[in-house]
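Heads up: the structure comes next, in structure tokens.
The values are calculated or read from the model by the stated rules, or taken from the named source; none is laboratory data. Keep in mind that this is a model prediction, so the values were computed, not measured. Backbone-built Cβ (ideal geometry, glycine too); neighbour counts: all protein chains shown. The protein model used for the area step is the full one, side chains on, heavy atoms only, and it has no ligands, DNA or RNA in it. Shrake-Rupley method; radii C 1.70, N 1.55, O 1.52, S 1.80 Å.
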Amino acid sequence: MRTVSILGATGSVGTSTLDLVEREPDRFRVVALTANCDVERLAAAARRTGAELAVVADESCLPALRDALSGTGTAVAGGAQAICDAAALGADWTMGAIVGCAGLRPTLAAIERGGTVVLANKEPLVSAGDIITAAAATHGATLLPADSEHNAVFQCLDPTRPDNVRRIILTASGGPFRDWTLEQMAAVTPAQAVAHPNWSMGAKISVDSATMMNKGLELIEAARLFPVPPERIEIVIHRQSVIHSMVDYVDGSMLAQLGPSDMRVPIAHCLAWPERMATPMAPLDLVKLGRLDFEAPDALRFHALTLARDAAEAGGARPAILNAANEVAVAAFLAGAIGFLEIAAIVDDTLQRYDPAAPETLDAVLAIDAEARRRAGERVKDCVA
Ligand SMILES: NC(=O)c1ccc[n+]([C@@H]2O[C@H](COP(=O)([O-])OP(=O)(O)OC[C@H]3O[C@@H](n4cnc5c(N)ncnc54)[C@H](OP(=O)(O)O)[C@@H]3O)[C@@H](O)[C@H]2O)c1
């Protein structure tokens, strides 16, 4: 019996994780489930799984959660610190599926208890990757990547022999606007941006996929997780989203991981690791699929790719600034305050005007994150004015 906690249990990744956990009640027991404020979904999941604890980050939602779970035996709590406390309960296996840098402290709290911590939540790795990997080494925690690309690389790469690796190749669907002109992209609405052609995901990552910032964040994430520098990590457009990423070895062998575009596949890999578990997905029908296509990404239309690669190669504070400004700009776009192309423009502007020294502590990362958010927020106001 493996004990499991899910941070961000009401989101897209959290729901997929719950689906797998609930299929095997003899194998997994739920300790803690957390959300921001989706009380209905959180309480329903806690009831179904008999979770020990349910937590909302937004304290104003705690009374509703208390009502919804009264008499069930599930304890409730609220507030940002309560999310960290839930993460620190020490489940054998913790899924980090909060969206954005809000997941940074909870992820670290889980890591500090040891055990296995599964990283779907990519933004903390982008902003504070060195701190996260160092904490895992100090506390003996095992980090597993759930992001489909990194999970694919994890399955294909031998980290003990990095010199044998020539390149990591991350695949990208190209998002919903891969064939659109810049003129068309200037008029994109939030509804169009969240309608991803291949994957069903939360709003923020869907917009990131549409700008291709998601692939840029993944490039940084890959350089944090694997012993391969950003210069040797390439991005290729692969519209079918069947190959989730590849590792190219010096002898000319290239290993790829293929699978359906459903997050339950990489999550199941992490949930059962180092074993395997069955999922409800039908096996790939290669004959029906017929072909796999690849093309180079267009850095001109997808400026976020260049910004992210530059930040990855420069290191220091650049990834944290990139991520913070992007979170602010995406939220402003989803709220209808700025246009689609202004997302990358605001990130670019924030990076150009703010160049602090490399952070060495968590507090320094959080201070840079806060200042970058403030500056990006000012740019959003300029756009609105
Ligand atoms: N979706 C995918 O297929 C996918 C694939 C790879 C990686 N990822 C990464 O996984 C993470 C989650 O993505 P998602 O698509 O599952 O997001 P999502 O559907 O928006 O879900 C986000 C989750 O985080 C919770 N949350 C939001 N703000 C919070 C806060 N301030 N404090 C605590 N919890 C908070 C939400 O609670 P409420 O429901 O109460 O708001 C929800 O449970 C992201 O970092 C994303 O980049 C996602």
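So what's the net charge close to D363: Lys and Arg +1, Asp and Glu -1, counting the other residues with Cβ under 12 Å from its Cβ? Before the final figure, lay out each step's value.
Working: positive: R105; negative: E360, D369.
Summing Lys and Arg as +1 and Asp and Glu as -1 gives -1.
For F177, enumerate residues with amide H under 5 Å from its amide H, sequence gap 5+ or separate chain, H modeled in the peptide plane.
So F177 has HN proximity to no qualifying residue.
K122: which lysines have alpha carbons under 17 Å from its alpha carbon, excluding same-chain residues fewer than 8 sequence positions away?
Of all the lysines, those that pass the test against K122 - Cα under 17 Å, at least 8 places apart if same chain - are K204, K215.
At 7 Å along the Cα-to-beta-carbon direction for both A345 and A134, put a label point, then send me their distance in nm to one decimal.
Placing both labels 7 Å beyond Cα along the Cβ direction yields 3.8 nm.
Taking square-rooted eigenvalues a ≥ b ≥ c of the alpha carbon gyration tensor, is the chain rounded, prolate or oblate, where a/c under 1.5 means rounded and, failing that, a/b exceeding b/c means prolate?
Working: a/c = 1.42, a/b = 1.16, b/c = 1.23.
Rounded.
Please list 3J(HN,Hα) in residue order for the range 348-357, calculated via the Karplus relation 6.51 cos²θ - 1.76 cosθ + 1.60 where θ = phi - 60°; whole Hz, with x for glycine and proline.
With coefficients 6.51, -1.76 and 1.60, one gets 4, 4, 5, 5, 5, 9, 9, 9, x, 5 Hz.
Short version: ³J(HN,Hα) in whole Hz for each residue of the range 286-301, in order, from phi by Karplus 6.51 cos²θ - 1.76 cosθ + 1.60 (θ = phi - 60°), x for Gly and Pro, what are they?
Per-residue couplings from phi come out as 5, 5, 5, 5, x, 8, 10, 10, 9, 8, 7, x, 9, 5, 5, 7 Hz.
Using a 1.4 Å probe over the heavy atoms of the protein chains, calculate the carbon and sulfur portion of the accessible area of the chain as a whole percent.
Details: 8250 of 15940 Å².
That share works out to 52 percent.
Would you rank E342, E183, E371 by solvent-accessible area, highest first, keeping every protein chain in place and using a 1.4 Å probe?
Numbers: E342 65, E183 155, E371 45 Å².
Reading off the accessible areas and sorting them downward yields E183, E342, E371.
Report the Cys residues of the chain lacking a disulfide-compatible partner, meaning no second Cys Cβ under 4.7 Å from their Cβ.
C84, C101, C156, C270, C383
Mind jotting down the distance between the C-alpha centroids of the range 162-182 and the range 104-131, whole Å?
So the two Cα centres are separated by 25 Å.
Label points 7 Å out from Cα along the Cβ direction at E313 and A370: separation in nm?
Going by the 7 Å Cα→Cβ label model, 3.3 nm.
Could you rank R23, R276, R318 by how accessible they are, 1.4 Å probe, largest area first?
Values: R23 125, R276 160, R318 50 Å².
From most accessible down to least: R276, R23, R318.
Could you state how much accessible area S245 has, in square angstrom rounded to the nearest 10, with a 1.4 Å probe and all protein chains kept in place?
Its heavy atoms expose roughly 0 Å² to the probe.
Could you please put D163, D298 in sequence from largest to smallest accessible area, using a 1.4 Å probe?
From most exposed to least exposed: D163, D298.
What whole-number value in Å² describes the accessible area per residue of the range 330-385 for a 1.4 Å probe? Numbers along the way, then the final one.
Working: 2870 Å² over 56 residues.
Per-residue accessible area for the range 330-385 comes out at 51 Å².
With an 8 Å Cα cut-off and a minimum separation of 6 or more residues, compute the relative contact order for the range 2-145 in percent.
Details: 309 pairs, mean separation 30.7, N = 144.
Relative contact order for the range 2-145 comes out at 21 percent.
With a/c under 1.5 counting as rounded, go ahead and sort the range 2-145 into rounded, prolate or oblate using the C-alpha gyration tensor (a ≥ b ≥ c being the square roots of the eigenvalues; past the cut-off, prolate if a/b is larger than b/c, else oblate).
Working: a/c = 1.87, a/b = 1.43, b/c = 1.31.
The shape class here is prolate.
Can you give me the solvent accessible area of F294 with a 1.4 Å probe, rounded to the nearest 10 Å²?
100
What FRET efficiency do you get for A299 and T142 if R0 is 51 Å and r is their Cβ-Cβ distance, rounded to the nearest 0.05?
On the way: r = 36 Å, r/R0 = 0.70.
After rounding, the FRET efficiency stands at 0.90.
So what is the relative contact order of the chain, in percent, for Cα pairs below 8 Å that sit 6 or more residues apart? Let's see the in-between values first.
On the way: 737 pairs, mean separation 53.1, N = 385.
In percent, rounded to a whole number, it is 14.
Relative to the Cα centre, what is the charge dipole magnitude of the chain, using +1 at the beta carbon of each Lys and Arg, -1 at the beta carbon of each Asp and Glu, and rounding to the nearest 20 debye?
560
Please list, in chain and number order, the residues 5+ apart from T142 or on another chain whose amide H is under 5 Å from its amide H, with Hs placed from the backbone.
G115, T116, V117
Put a dot 7 Å past each Cα toward the Cβ at L362 and R167; how far apart are the dots in nm?
3.8
List the aspartates and glutamates whose Cα lies under 18 Å from the Cα of K381, skipping any in the same chain that are fewer than 8 positions away.
E327, E342, D348, D349, E371
What is the range 262-385's relative contact order, in percent, from Cα pairs under 8 angstrom and six or more apart in sequence?
Values: 98 pairs, mean separation 29.1, N = 124.
Rounded, it is 23 percent for the range 262-385.
Using protein chains only and a probe of 1.4 angstrom, how many square angstrom of D147 are accessible, to the nearest 10?
10
Rounded to whole Hz and in sequence order, give me ³J(HN,Hα) for the range 305-318 from the Karplus expression 6.51 cos²θ - 1.76 cosθ + 1.60, θ = phi - 60°, writing x for Gly and Pro.
With the stated coefficients, the range 305-318 comes to 4, 5, 4, 5, 5, 4, 5, 5, 6, 6, x, x, 7, 4 Hz.
Subtracting the Cα-Cα distance from 0.36 nm times the residue separation, let me have the gained length for A337 to A44 in nm, one decimal. It would help to have the intermediate numbers written out before the result.
On the way: separation 293, 0.36 × 293 = 105.48 nm, distance 3.37 nm.
This chain segment gains 102.1 nm when fully extended.
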